[in-house]
Each structure stands twice: as C-alpha cells, then as structure tokens.
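A.B. asks: Mind looking over this structure? Questions follow.
Readers should treat all values here as calculations from the given coordinates under stated rules, not as data from a laboratory. From a predicted model like this one, the values you see are computed outputs, not experimental measurements. When we count neighbours, we look across all protein chains shown, and the Cβ atoms used for this are built from the backbone with ideal geometry, even at glycine.
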Ligand code: GLA
C-alpha cells in the first residue's frame, strides 16, 4: 500500500515536471492564462493611466499589457486642461481621440481625467492678462466653454468624468485656489451642472488624494451632498491612493470606503501606486530641492529593487487587495497610476531623478513579485 502511494506521488510529480518543462520550452507563459482584469472581473474594474506614447501604441509589449490586463483606461495627462485646451480657442484632440478609440476597440471603460483642477491649467482660465483674477462670470464662461467642448465631443463615449479634482485640503477646508478665490464653492457646483448637461450618460466624480484622512473624506462627502441637494448629479468619489509601504493603515482606508459608501456614493480608487522610497516628509527641515538627486539615502535602489523591499511591496499590495475584495460590493474600480515603473511620476516626485518601484510591472514591462502574488492569491481556485 505504502509502495503504491509512493508510486502515485512520484508519478504525479513526474507528470507535472514533464508538463512544466514542455510548457517552459514552448515559451508558454502562465500569466497569460489569467490577468488582473480577469481575476477581479466579478468584483471591480481594474484600470491603468497611460501616457502619450502608450496611447500612440509605440511599444507592442505595452500595448499587450494595457489590452490584456486592464478593463478601464485613464489618460495620465492628455485630457488635462493645459493639454487639451491650451488657449481660449485652441483645442488639441488628436491624442485624446486616440485613447477614446483605443478604449472602444479594446472594450474598456474610459475615465475622463480631469475637467476642473487648479494644476496643469493655463493662466487665462482664472487670470486677466495683468495677472488679476477674472470676474466670476468670466470664470463660469470659461468653465462652461471648456466642459461643453471637451465633454461634449466625447459625449456617450466616456464611462465617467473626474469633474473636479483636489478642491479640498487635508484638514477638510477648501483649497484656496484661483477658482475658490473667485467663486467660492460655486465653481464646483457649476462644473458638475455643466458636465451633467453635456454628457448625461457619463458618471460624474469628485476626486482627491489623502482621502483616508477623516476630515478630508468627510468634507468631500459634505460637498457631494451639497451637489445633490442642488438637484445636480454626482455618482462617485475618487480616492487617488498615492500611498506608501507603511501609510495609510488598512483601517484608515477601510473607514473611508465605508463612509463614502454609506453616504450613497460609489467608491473609486483612481490613482493607485505605492512609494517604496524613504519618505521625504519625515526628514525634518528637508528642502525638496535638486540636492536630493545625488543623495544615496533618499535614492537607495538605483540599480534594482532588493528582494526584501520587493517582498514588502508584494505584501502591501496583497493586504490592500484583500481589503478591496472584502469591500468589493462598494468599490467600482481600482486604477493604477501608470503601467510600469519606468514611466511612473514617482521617479520625480517629491524629489527629482530617483528610481522608484511603485507599480506591478517593472521598467521592462515584466510582471513583478507583487503582480504574481496578486494573481496567485486572487486567481480562480
Ligand atoms: C494628481 C493628479 C494626477 C496626476 C498625479 C501625479 O494625483 O490627479 O492627474 O497629476 O497627481 O502625476
């Protein structure tokens, strides 16, 4: 009997050895069997923000990943105001048209990012030629023209718009940007009102970072409720999710998911990446200047990601996705802010010229340990 069992055991392992050797020799790749979008198919969309070259489909390896791994696309930059509408009567639709058709061809959702944001926006929107702030009417004309033309062009083709980005500070007060200084919170209501009119089929979101901070999350809900009270639609709240290996805590993230969901809004994680480098804010008196470029302490993994940190990153992604799966009835989408490490904005912020490893694919567009772990952990059993 023992002999039989042993033979069975050896036989099973021999078969699996020959099978994997055959698959290896024939160039078969296990990860093709599954993908992020398949693994989370019944739970939430998995998205990726892509840059200009990726939209132009320059590298086939990137195109394959974008197409096979993700069910939702966001333009990293090309739909921002300064790119798509740099002058009062000048629009650049060439690349944004491309991402719209790319999403359609691949049967992916497209998220419009972003209509009204104080960054990456030309000065004429909020300032007169002499530098003074424009009148409220003028601002509203500019916002109306912008949203009508941009969201109007893609009406019916966009899953959802980040209508207003980053209007609230971490303490829950309004960010005193030009929009606010001209129009108070009315600029937020105006933006949602126009977006709803122009593309009635698109979902409309408010989007911000550090939403795990309770004051900020609660303030975003208050704003969303005010939008609704005015009879204007808002469907979801976007939590950007630019996080680190040790912040925020899983509990902080969980509380924000629950609060937003219980307030009646869909939860979107819109810009997920995990910074693995030393946190500059913990360095007292740090001046975020170029001096940090050559500082080994702040840029410790120039050549490669050490196994110990790769493990930490994989564990961090696993605990985050455990939480997302636990609350998948509340979460519509999880979008990564970038496809692979080489092009991530985290290589240049908060200090320029560092080598960071925040995503699931490395700079050669190869899957990292964190990716394999996620597929193993959440793949069909
Ligand atoms: C914010 C914006 C994004 C992007 C990131 C950094 O989160 O919403 O569009 O600019 O900063 O790249």
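A.B. asks: Work out how much length residue 249 to residue 228 would gain on full extension: take 0.36 nm times their residue separation and subtract the Cα-Cα distance, in nm to one decimal.
C.D. replies: Once the chain is fully extended between residue 249 and residue 228, it gains 4.5 nm.
A.B. asks: Shifting gears a bit: Which angle between 0 and 90 degrees, to the nearest 10, do you get for helix 307-326 versus the longest principal axis of the chain when only C-alpha atoms count?
C.D. replies: 70
A.B. asks: In deg cm²/dmol, rounded to 500, what helix-only [θ] at 222 nm does the chain give when every DSSP H run of at least 4 residues adds -39500 (n - 2.57) and the total is split over its residues?
C.D. replies: Here the helix-only value at 222 nm equals -12500 deg cm²/dmol.
A.B. asks: Cα-based Rg (one decimal) and Dmax (whole number) for the stretch 165-235, in Å?
C.D. replies: Rg and Dmax of the stretch 165-235, Cα atoms, are 12.0, 33 Å.
A.B. asks: Could you compute the FRET efficiency for residue 128 and residue 107, with r as their C-beta to C-beta distance and R0 at 41 Å, rounded to 0.05?
C.D. replies: Taking R0 as 41 Å, the efficiency between residue 128 and residue 107 is 0.35.
A.B. asks: Across every pair of different alpha-carbon atoms, what Kirkwood hydrodynamic radius in Å does the chain reach?
C.D. replies: 22.4
A.B. asks: Compare the peptides 214-223, 337-346, 168-177 by average per-residue count of other Cβ atoms within 10 angstrom and give them in order, highest first.
C.D. replies: Going from most to least packed, we get 337-346, 214-223, 168-177.
A.B. asks: Give the calculated FRET efficiency between residue 68 and residue 169 to the nearest 0.05, with a Förster radius of 30 Å applied to their Cβ-Cβ distance.
C.D. replies: Efficiency for this residue pair is about 0.15.
A.B. asks: Going by alpha carbons, how many degrees (0 to 90, nearest 10) lie between the helix axis of 250-262 and the longest principal axis of the chain?
C.D. replies: 50
A.B. asks: Between residue 297 and residue 186, what is the label-to-label distance in nm when each label sits 7 Å out along the Cα-to-Cβ direction?
C.D. replies: 5.1
A.B. asks: OK, next. Write down the percent of antiparallel bridges among all DSSP beta bridges whose residues are both part of the chain, to the nearest 5.
C.D. replies: 10
A.B. asks: In addition: Relative contact order of the chain: what whole-number percent is it, with Cα pairs under 8 angstrom and at least 6 residues apart?
C.D. replies: 16
A.B. asks: As an exercise, use a Förster radius of 41 Å and the Cβ-Cβ distance of residue 315 and residue 59 to find the FRET efficiency, rounded to the nearest 0.05.
C.D. replies: Here the calculated transfer efficiency is 0.85.
A.B. asks: Now for a different question. Would you mind calculating the gained length between residue 304 and residue 279 on full extension (0.36 nm times residue separation, minus the Cα-Cα distance), in nm to one decimal?
C.D. replies: Gain in length upon complete extension: 7.1 nm.
A.B. asks: I would also like to ask the following. Which residues does a label at residue 119 reach in the stretch 319-343, if reach means a backbone N under 14 Å from a point 7 Å past the Cα toward the Cβ?
C.D. replies: Within reach of a label on residue 119: 337-338.
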